[in-house]
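Each value in this text was obtained by applying a stated rule to the coordinates, not by laboratory testing. Being a predicted model, the structure only gives us computed values, none of them experimental. Cβ placement follows ideal geometry from the backbone for every residue including glycine, while neighbour counts extend to all protein chains displayed.
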DNA sequence: CTGAAAGCGCTAACAG
DNA sequence: CTGTTAGCGCTTTCAG
């Protein structure tokens with residue numbers, strides 16, 4: 001038994017001939033080692049848990065992809081759970097991960113408190129991707145280790161700079177659900193606008209009613225107010241908005257400029273093609289897994305990081321004469 | 001030990017008072033039962049494997065969501081792997097599932113042969129969602145049990161009927177990568193067109209070069225040919241195409257009608273809103289998990305099923321005078 | 001280099 | 001109703 005175990009794991013101290021023989025017979029028998037049994041003795045499951053809000057969102061999909069890719073490349077399997085922005089769901093998922101003894105856990109877009117879940121999960125390394133706990137607005141209070149996110153503030157600064165350069169004056173922010181990232185992006189826009197133009201206040205709309213639907217009345221209001229440019233919480237919201245505004249005869253970019261956030265694949269093929277802030281989502285997922293792997297290996301969680309973003313200028317902000325110094329499109 | 005084990009699983013034969021006491025102490029100690037140890041003795045892991053081509057595709061995301069939801073509702077955890085349309089990746093993933101002793105496995109959009117993988121996975125129930133093995137074109141040769149897909153043929157028939165009713169004559173099919181579903185959809189369009197109009201041949205384009213990119217030269221050709229209507233393999237391709245055609249001054253629906261397949265969330269907010277065939281993707285994922293669960297419970301795989309689809313008429317096919325009898329848009 | 005024995009954390013069968 | 005015992009399938013000493 002011991003020899004078979006060693007042979008199958010390419011242990012050095014086993015004669016090449018016996019190894020071959022073992023492998024051959026194993027294959028003939030259709031023998032597949034039982035990881036559960038192994039994990040019991042080595043106290044490691046070669047498994048990573050990944051909690052996402054909803055597999056349906058394109059950004060989440062990219063993060064999942066990067067995460068799974070990195071994990072698989074190192075022989076780890078990923079357990080996936082949807083939290084649906086619901087605390088009970090999230091807790092249940094974490095409990096599952098704990099029972100399965102995931103060697104590491106990544107929480108993406110979760111509103112759970114960081115300290116709390118770290119201590120609940122005891123010795124298991126935990127990484128927070130785009131943490132949404134209310135206290136996190138501004139992104140200054142992420143823990144020093146194991147947190148990961150894009151530099152949203154910088155992204156919004158570039159957005160505002162771009163819009164101002166193009167001659168847009170009356171900017172509006174169209175918000176999401178009041179999550180940490182929503183607040184952060186809104187505040188970043190407001191601050192950047194104030195810096196550029198101290199006397200121009202930022203108009204803020206929150207058109208998302210319960211259930212993620214858009215409040216049509218508010219769309220009518222926006223159509224009436226007709227700001228110069230709408231900076232949206234994310235690409236999806238930007239598209240929903242443009243779609244609804246179209247029914248009010250308001251078209252981007254002729255009547256309003258529109259900016260998204262995230263650069264989902266669709267942004268580059270929409271009509272109009274959407275100006276947006278690109279985040280390296282796949283890389284974020286990949287690095288989240290890498291951090292976990294490093295923490296498992298070295299027993300020390302790597303420091304938190306913020307990944308750079310990039311403004312992508314496309315058609316949705318291009319009716320006015322182009323300013324100077326902006327990045328090329330595509 | 002045995003009493004603790006029973007108490008924590010709400011076994012009936014344990015005194016309520018002891019149960020309470022056990023639960024209390026367990027919580028205080030932060031005790032979490034080890035599933036690996038349990039699975040060793042009960043010979044079940046409460047785990048389902050899900051193989052998808054790429055978490056990035058919106059349709060896959062919806063399937064993942066439904067699958068995970070159903071699994072979680074029954075206490076099962078899902079292990080996710082991306083196959084990237086690569087046989088080696090897929091095989092590695094299945095091997096992982098086997099080592100972890102997943103109680104059931106779902107392969108989505110895989111080109112692996114059904115019989116072969118069933119026998120490889122031995123006693124583990126396997127479900128095939130949208131199987132893409134080349135032999136599957138036409139969808140007549142899915143195995144009798146454990147296969148799941150949408151009724152693409154019916155969907156395409158409705159598309160053709162709709163287009164003909166609207167007065168479009170010169171139809172073209174714009175294909176994907178020659179997968180089983182691609183062939184099936186193309187043939188369905190061709191057959192339906194022949195039935196409606198025996199002398200009108202179907203023009204077929206295959207613009208996807210290696211790496212999923214679109215061959216620009218072919219787009220120019222399409223722009224030159226200017227068929228009446230483009231029936232696309234899926235929504236994503238439809239959008240890519242409309243985007244590229246726009247550069248050639250060809251706009252939908254004024255210059256060509258365009259139809260997609262899948263009804264991704266974006267289809268309803270795009271400009272123009274896309275006429276497409278809606279599949280119940282979340283439900284497909286949910287039912288795939290349900291089939292697996294049933295197979296685990298009854299030791300018998302439920303019969304294969306084909307889910308109904310629905311034509312959704314939107315702006316991208318509406319420049320001509322509307323025909324009669326078509327479904328309303330939304 | 002190979003084999004025998006102990007034990008990872010749990011559940012099931014069996015006594016009490 | 002509770003406790004004792006014997007494994008589940010593997011890896012890891014420790015002897016040969």
Using the alpha-carbon atoms, what tilt in degrees (0 to 90, nearest 10) does helix A:180-196 show relative to the longest principal axis of chain A? 40
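Need one value for B:56-68: mean number of C-beta atoms belonging to other chains within 10 Å of its residues' C-beta atoms.
Details: counts 13, 4, 8, 1, 5, 9, 3, 2, 9, 7, 3, 3, 8.
Mean partner-chain Cβ count within 10 Å for B:56-68: 6.
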Could you work out how far helix A:58-73 tilts from the main Cα principal axis of chain A, as a 0 to 90 degree angle to the nearest 10? 20
How large is the Kirkwood hydrodynamic radius of the range A:18-169, counting all unique pairs of alpha carbons, in Å? 18.0
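With a 10 Å radius around each residue's Cβ, average the other Cβ atoms per peptide and rank A:170-183, A:95-108, highest first. Present the calculation step by step, with values, prior to reporting the outcome.
Values: A:170-183: 20.6, A:95-108: 23.4.
Final packing ranking: A:95-108, A:170-183.
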Counting only DSSP beta bridges with both residues in chain A, what percent are antiparallel, rounded to the nearest 5? 15
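Can you give the alpha-carbon Rg of the range A:140-243 over 2.2 N^0.38 Å, where N counts its residues?
Values: Rg = 14.3 Å, N = 104, 2.2 N^0.38 = 12.8 Å.
Expressed relative to 2.2 N^0.38 Å, the Cα Rg reads 1.11.
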If you scale each eigenvalue of the Cα gyration tensor by 5 and take the root, what three semi-axes come out for the range B:180-330, rounded to whole angstrom and sorted largest first? 32, 18, 17
Among B:161, B:27, B:190, which one shows the biggest mean-square fluctuation in a GNM of chain B, springs joining Cα atoms closer than 10 Å? B:27
Can you give the Rg to Rh ratio for the range B:1-87, taking only C-alpha atoms and Rh from Kirkwood? 1.16
Rounded to the nearest whole number, the Stokes-Einstein translational diffusion coefficient of the range A:256-319 at 25 °C and 0.890 mPa s (Kirkwood radius, C-alpha pairs) in µm²/s is 180
Looking only at other chains, what is the average number of their beta-carbon atoms within 10 angstrom of each beta-carbon in B:238-247? 3
Residue of A:304, A:119, A:281 that the Gaussian network model of chain A assigns the largest fluctuation, springs spanning Cα pairs under 10 Å: A:119
Exposure proxy order (Cβ contacts within 10 Å, fewest to most) of A:62, B:216: B:216, A:62
Within the range A:102-124: backbone nitrogen closer than 18 Å to the residue A:141 label point (7 Å, Cα to C-beta): A:109-119
Across all directions of projection, what mean area in square nanometres is found for the Cα convex hull of the range B:107-172? 5.3
Label point 7 Å beyond Cα along the C-beta direction, distances from residue B:298 to other copies (nm, shortest first): 5.4
Span from the the range A:235-251 Cα centroid across to the the range A:71-144 one, whole angstrom: 34
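Calculate for chain A the 222 nm mean residue ellipticity that helices alone would give, adding -39,500 (n - 2.57) per DSSP H run of length 4 or more and normalising by residue count, nearest 500 deg cm²/dmol.
After summing the helix terms and dividing by the residues of chain A, the value is -13000 deg cm²/dmol.
Residues of B:72-79, mean number of Cβ from any other protein chain within 10 Å of their own Cβ, rounded to a whole number? It would help to have the intermediate numbers written out before the result.
Numbers: counts 6, 0, 0, 2, 1, 11, 6, 7.
Going residue by residue through B:72-79 and averaging, the value is 4.
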Teacher prompt: residue A:187 distances to equivalent labels in other copies, 7 Å Cα→Cβ, nm: 6.0
To two decimal places, what compactness ratio does chain B give when its Cα radius of gyration is scaled by 2.2 N^0.38 Å? 1.21
Just to be sure I understand: of the beta bridges DSSP finds with both ends in the protein assembly as shown, what percent are antiparallel, rounded to 5? 15
Using the Kirkwood formula on the Cα atoms of the protein assembly as shown, what hydrodynamic radius do you get, in angstrom to one decimal? 26.9
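What is the Å³ per residue value for the convex hull set by the Cα atoms of the range A:42-115? Before the final figure, lay out each step's value.
Working: hull volume 6.2 nm³, N = 74.
Taking only Cα atoms, the range A:42-115 has a hull volume of 84 Å³ per residue.
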Distances in nm between the label point of residue B:75 (7 Å along Cα→Cβ) and its equivalents in the other copies, shortest first, are 3.2
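What order, most packed first, do the peptides B:66-72, B:88-94, A:74-80 have when packing is the mean number of other Cβ atoms within 10 Å of each residue? Provide the component values of the computation, followed by the final result.
Values: B:66-72: 24.4, B:88-94: 18.0, A:74-80: 20.6.
Packing proxy ranking, top to bottom: B:66-72, A:74-80, B:88-94.
Report the antiparallel proportion of the DSSP beta bridges in the range A:173-330 as a percent, rounded to a multiple of 5. Walk me through the numbers before you get to the answer.
Working: 4 of 13 bridges.
Among the beta bridges of the range A:173-330, antiparallel pairing accounts for roughly 30 percent.
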By how many degrees, 0 to 90 and rounded to 10, does the Cα axis of helix A:152-165 deviate from the longest principal axis of chain A? 30
